[in-house]
Each structure stands twice: as structure tokens, then as C-alpha cells.
Amino acid sequence: MEDDMPSSLFLQYSRLIYEQCGINLHEGKKALLQARLNKRLRLTGIESYRDYFKFITCGANPGEFVNFLDSISTNLTYFFREVQHFDFLNKVALPELIEKKQKQRDRRIRIWSAGCSTGEEPYSLAMCVMSHLQDETRWDFRILATDISTRVLETASRGIYSAEKVEKVPAPLRQAYLEKAGGQGNSDFRISARIKRLITFHRLNLKEPYPFKGPFDFIFCRNVMIYFDKRTQEELVNKMAAFLGKGGYFCVGHSESLTGLDHKLSHVQPAIYRYL
Ligand SMILES: C[S@@+](CC[C@H](N)C(=O)[O-])C[C@H]1O[C@@H](n2cnc3c(N)ncnc32)[C@H](O)[C@@H]1O
């Protein structure tokens, strides 16, 4: 296995990554790219970065191409991440939405978690919304959860998390919507069927066409576009926002902002935008 990757090859990799998923890797990320590729080289038995590049770009190995994209994405997430969003949902957006929908006799609530990683975000959203619905059987509530990485989606669909991970779920919601996974010496928790059935997990590269219609009441695309350059961010924000219903909210991570991008959303508060 090579120790160092020539700059010209790094450029080829970073161009490929940018074209395929919008992630902008500058020269400072070379060591990170190498570390992630080393694992793929070990697992495939391919001996050089150059041969691996040929292997994934020749068109004959689409499975390994997905593994490659999986290995370069950063998947950190946790339950109820960025509590400001959940406070806003609990205090403002959900009471308002539920009242409006009840008046209009509209029972449909749709959320899109775009870049859902291992599932903590859509499950947190599902628990949060469910805790506001008085008679859940009367609502048509669904969450679409998408990610480019098949690896994280497998974990997400399983819906089983360690005791340490579920500590971040507020106690009343933990009691209502999580169950002991069971089995001797197993301290894991399972997301209850009541919550799981609300969510559809799907692989989707945000740069590719979206094979659904919407409209969504909320789109959460948090800590995903942080890796994209401004041009890609602007393109994706507009593409996703076109799937919001009137009055729908668009939430990004608190370390991100849409400032400087050309879009049609109104700023509500940090990291929350709305289509009015
Ligand atoms: C840091 S995680 C954020 C997870 C969650 N939204 C949160 O805020 O906790 C970023 C996720 O975005 C996904 N991602 C990166 N580029 C993507 C793309 N082009 N299309 C779809 N998902 C992408 C990654 O696979 C990763 O799971």
C-alpha cells in the first residue's frame, strides 16, 4: 500500500468526489482521504490508490463505487442534536401546524430528513411530532429519511441503539417510544414499531434528481451541506426548497447558514428558514 498520494491523483479523487456528491476536499484533507481509502484498499485487496481509482471509475464496479462514497462521508449524529430546533418545534412550529391542519381538516404531515445518517435525526423528529398528536391514528404522518450512504441507512433501518446513545432522548419520550432490545446481557434499545412504521429510509444523493413529489411541512438538512461549496449549497437549497409546502420550514445545522446564497426562503431564526 502506498504511503503518499501524488497531488495529481489527489486532484482526480477530489474532482470525482465533488462531481458525485458535492463534497469539496482541499489539499489539506489528503491525509484524511488516504486514511479512508486505506480501509477500502485492505478490504478489496487493491494495492495502490491509482489502481483503486481506476477500479471505481471504470464503470464495471458500481457496488464498490457506493462503498467508496460511503467511506468518504462523515456521519456524526445523535438523538435530539441541536436542541434549539426541537424547542422551536415544540413551542412554535408544531402547535401552529397542528392547529392550522385541524382547521383545514388536513391530516397530512410530511417531514424530510435529508442526510439522515444512522437515523437518530428522523427518529427524534418522529418522537417529537408524535408527542404532539392527540389521536395519532387520525393523522397521516410520515417521514422520508434519505442519505447517500447505504452503510448508515442499514443502521438506521435496524433502529437499535446503545444505552449510551439513547440517553440523549428526553426521559418521557424514551419511556413512550423505546424498548429494551432483549437478550441476555444486551443493554441496547430498540425504536418501537409505533415510531419505526412512520419512517421510510431511502438512498438518495442530494445532487441527483429527487424521485418524489412532496410537499413537505419540514425539511431538515442539517450538517450535510457544510462540506459543499457555495455554488452547490445554493443549487441544493433551491432544489430542496421547491419541495416545501407553503409555510413549510427548512432547517440547517447551527454551524451552517444560507447567508450569501440566492434563495426564496425567509429567515425565521438562526438555522431556521421558511417558505412563505
Ligand atoms: C454529519 S451527518 C449529519 C446527520 C444529521 N443530519 C445530523 O445533523 O445529525 C451528514 C450526512 O450527510 C450525508 N451526505 C453527504 N453528502 C451527501 C449527498 N451528496 N447526498 C446525500 N447525503 C449526503 C452523509 O452520508 C452523512 O450521513
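Please return the ranges of helices (runs of 4 or more DSSP H) entirely within region 157-276 where 1 or more residues are in contact (Cβ under 8 Å) with a residue 60 or more places away in the chain and open to solvent by 60 Å² or more (accessible area, probe 1.4 Å). Spell out how you get there, then give the answer.
Details: elements: 163-166, 171-177, 193-196, 230-241.
Qualifying helices (runs of 4 or more DSSP H): 163-166, 193-196.
Quick check on this structure: which one of Glu154, Glu99, Glu136 is more than 10 Å from the ligand (Cβ to nearest atom), assigned by TED's automatic domain parsing to the domain that holds Gly214 and within 30 Å of Gln34 (Cβ to Cβ)? Talk me through it step by step, then tell me what you get.
On the way: Glu99 fails: within 30 Å of Gln34 (Cβ to Cβ); Glu136 fails: within 30 Å of Gln34 (Cβ to Cβ).
When all the criteria are applied, what remains is Glu154.
Please state which one of Lys30, Lys54 is surrounded by 15 or more Cβ atoms within 10 Å (Cβ to Cβ) and within 21 Å of Asp4 (Cβ to Cβ).
Values: Lys54 fails: surrounded by 15 or more Cβ atoms within 10 Å (Cβ to Cβ).
Sole residue among the options that is surrounded by 15 or more Cβ atoms within 10 Å (Cβ to Cβ) and within 21 Å of Asp4 (Cβ to Cβ): Lys30.
When only residues in region 32-55 that are touching a Phe, Trp or Tyr at 6+ places or on another chain (Cβ under 9 Å) and touching a residue at least 40 places away in the same chain (Cβ under 8 Å) count, which is nearest to Ile17 (Cα to Cα)?
So the residue we want is Phe53.
Ala126: of a type in the set (A, V, I, L, M, F, W, C) and touching a helix residue (DSSP H, G or I) at 6+ places or on another chain (Cβ under 7 Å), yes or no? Spell out how you get there, then give the answer.
On the way: of a type in the set (A, V, I, L, M, F, W, C): yes; touching a helix residue (DSSP H, G or I) at 6+ places or on another chain (Cβ under 7 Å): yes.
Yes: the conditions hold for Ala126.
Have a look at Phe80, Phe65 and point out the one that is within 15 Å of the ligand (Cβ to nearest atom), closer than 20 Å to Asp147 by Cα and without any contact (Cβ under 8 Å) to a residue 24 or more places away in the chain.
Details: Phe80 fails: without any contact (Cβ under 8 Å) to a residue 24 or more places away in the chain.
Residue meeting the stated conditions: Phe65.
The values are calculated or read from the model by the stated rules, or taken from the named source; none is laboratory data. For clarity, every value in this text was computed on a predicted model and none was experimentally measured. Neighbour counts run over all protein chains shown; Cβ positions are idealised from the backbone, glycine included. These area figures cover heavy atoms from the full protein model, side chains too; ligands, DNA and RNA do not enter into them. Shrake-Rupley method; radii C 1.70, N 1.55, O 1.52, S 1.80 Å.
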